[in-house]
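See structure below.
We did not get these values from a lab; they are worked out from the coordinates using the rules stated. These figures come from a predicted structure and were not determined experimentally. We place every Cβ from the backbone using ideal geometry, glycine too, and count neighbours over all the protein chains shown.
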Amino acid sequence: MAPSLEGVSSSEVNLEDVLTLANKPFNVKLNNKHISWNYKKKQPFSNKEKKNWTCKNKVPIEEVIAVEYVERASKQTEDGDMEMVSLNSSIFRLHIIKRAPKYVWRMKAVELHCSNSAQCALWVDTIRSLLEKYTNRPKSLLVFINPYGGKRKAKKIFDEKVAAIFDLAGITSHVIITERADHAKEYIQSRDLNRYDGIVCVGGDGMFAELLNGVINLHNTRMRVDLDDCNSRLMQPPMRIGVIPAGSTDTVAYCTTGINDAVTSALHIVVGDSMAIDVCSVRNGLTGKLIRFCVSMLGYGFYGDVLRDSENLRWMGPVRYDYSGFRTFLKNRSYDAMISYLPSQSLQDNHHPGLEDGLRCYSGCQVCKSASLLDLNGSLSLDPSAISDTACSLTPTTPELDVDDISVMYKTLSTSMTNISIASRPMSTLSGVSPDTWQTASGKFIGINALTISCKCSTVPEGVSPACHLGDGSTDLVLVYDASRFNYLRHLIRITTKTSSQFDFGFVDVMRVKAFKVRVPAQGSTDSSQVSTSFHRLENVEKTTPLPVSSWNCDGEIIEEPNIDVRVHCQLVKLFARGIESYPTKMKQCAPNCISCDGIL
């Protein structure tokens, strides 16, 4: 969400003068919301035609980075050398945001010449006083730089592209270079962060996930929330997190700004953008203990195998994921599992992940705004009586699943894709989730994937789940059943292209859910009917070949326990971002070679 000033009239004009820009007179106006400069002159568009054209620029005050005096200039001496001489401060430089195609933001400096120093001081002081009213702009930031992530250029990116922007905006940065895994998490959990307005990570998605887990754990621990109690109500941390992309995929930056560009992300931080995103809590399905929080992708099967295989290939850099992905694809493994999920109540008719014309999540998304009016932890009822007070264990209510139900279900569904069955039965709730009807799917799966954000990146421009929303209180659950290598390859290819839907296959199912749980055969089991759950552990089955068990890929970290309970917490964490802006990638010029706006502003 863009920063704003409430209760101030945009029609209240503070200043209006004729100032000089590039040796041309401009009528410059300043009010509480905007600064504008307009210029009129007869100017030829070509040698054959002449027209009256008007150059109009209007910039929101919220998108002014800084204003400063131009106090010194260079002058050539008699010896031919250049020396700096003082000016009378009749010139001020306005640093503003310039939008470029493909969601890129850049800074532009506009130098305006006043008739005298008193007039210049009036303009500078007035603009600065307006900027001070935007109290959501950070003044002090704690910055963590991961020098080992991605292409190992994080420190260079910060020093060359970000530090100067923060300094210009008057932001004090306390920089920490991380030395090991969980260094940032341990640091913030052992320090008083009250003097900071936000935390910034310069690195990849793994670094962001580490900070996110640390911030949530820190705040809820200090608020005396028992994170291992699945009935506890999680509290939203007041600290915002900023992301300067410097990793391999940078999907968080792509999904919240539209591009993995360090300057763009730095400018979103400077102007104080703020938006809240959903977070999933991942718990051990057998003990109920919290494992970690997840914000992007949670994948069992294919993506879990890829991550595990790539761990021994870190020396290869980011290319290890492609290599491990190819090796995992050739193995074409599938895994027995049973998934129970609680469908999300659609807030819009076409708010569904599988629809080609589904609502996309842009800045100011109405779906996410509607969800923000609901319970913070994702309950779809504002009535406290509708929230279950029972434990979040997955013990079924009526009717109860028995050993024969599960045994028959697995023996039937593990034989062929045509026998897939979706069973619907009421089950008990997770804490804070209204007791609706749970759905159950069982069979052999190449992948079980949950996407809380669309997971856009340079190789997947539309995202793994293109219609996924950032703050609607749900996650997109994608079930990829057992299939041939050829068909699964077709599915993977469609993920990386824009030609057709990756969900348009008989072996792929997708649904939007607010909670789900996965149970797999107990490790060492030799029969798919031996499903380890919180309410059953089947024993004494006939032993044949041990069934394979995969692991989970949770935001790039491995979770060994295959049996998990997942719940979405609506808009639990705030970022320095506003979401992807919906505007044309090609913007019209007010005139060719415009001296003021360069055809972009």
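Name the residue from V282, I259, G304 whose Cα lies farthest towards the positive end of the charge dipole of region 208-311, charges +1 on Cβ of Lys and Arg and -1 on Cβ of Asp and Glu.
V282
Which number comes out as Rg/Rh for region 441-489 once both Rg and the Kirkwood Rh are worked out on C-alpha atoms?
Radius of gyration relative to Kirkwood radius: 1.04.
State, to one decimal in nm, how far the label point of R360 lies from the label point of Y134, with both points 7 Å from Cα in the Cβ direction.
Going by the 7 Å Cα→Cβ label model, 2.6 nm.
Go through region 332-338 residue by residue and turn each phi into a ³J(HN,Hα) via Karplus (6.51, -1.76, 1.60, θ = phi - 60°); whole Hz please, and just put x for glycine and proline.
6, 7, 9, 9, 6, 6, 10
Can you work out the Karplus-derived ³J(HN,Hα) for every residue in region 555-568? Use 6.51 cos²θ - 1.76 cosθ + 1.60 with θ = phi - 60°, whole Hz, and x for glycine or proline.
Using θ = phi - 60°, the values come out as 6, x, 10, 7, 10, 6, 6, x, 8, 9, 10, 10, 9, 8 Hz.
Compute the distance in nm between two label points, each set 7 Å from the Cα along the Cα-to-Cβ direction, one at R490 and one at N194.
Computed distance between label sites R490 and N194 equals 6.2 nm.
So what's region 171-274 giving for Cα Rg divided by 2.2 N^0.38 Å, two decimals?
In units of the 2.2 N^0.38 Å rule of thumb, it is 1.11.
Would you mind checking which residues have amide H under 5 Å from Q571's amide H? H placed 1.01 Å from N; only 5 or more apart, or other chain.
The list, which skips near neighbours in sequence, is D278, V279, G473.
Which shape class, rounded, prolate or oblate, goes with region 108-223 when its Cα gyration tensor gives a ≥ b ≥ c as root eigenvalues, a/c under 1.5 marks rounded, and past that a/b bigger than b/c marks prolate? Please list the in-between numbers first.
Working: a/c = 3.83, a/b = 1.87, b/c = 2.05.
Cα axes put region 108-223 in the oblate bin.
Among I157, W123, P138, which residue has its Cα positioned farthest towards the positive end of the charge dipole of region 117-166, with +1 placed on the Cβ of Lys and Arg, -1 on the Cβ of Asp and Glu, and the dipole taken about the Cα centre?
I157
Given R₀ = 22 Å, FRET efficiency for D159-H183 by Cβ-Cβ distance, to 0.05?
So, using R0 = 22 Å, E works out to roughly 0.70.
Using θ = phi - 60° and the Karplus form 6.51 cos²θ - 1.76 cosθ + 1.60, what ³J(HN,Hα) does each residue of region 139-152 get, whole Hz, x for Gly and Pro?
My calculation for region 139-152 gives 10, 9, 10, 9, 10, 10, 10, 9, x, 9, x, x, 9, 6 Hz in order.
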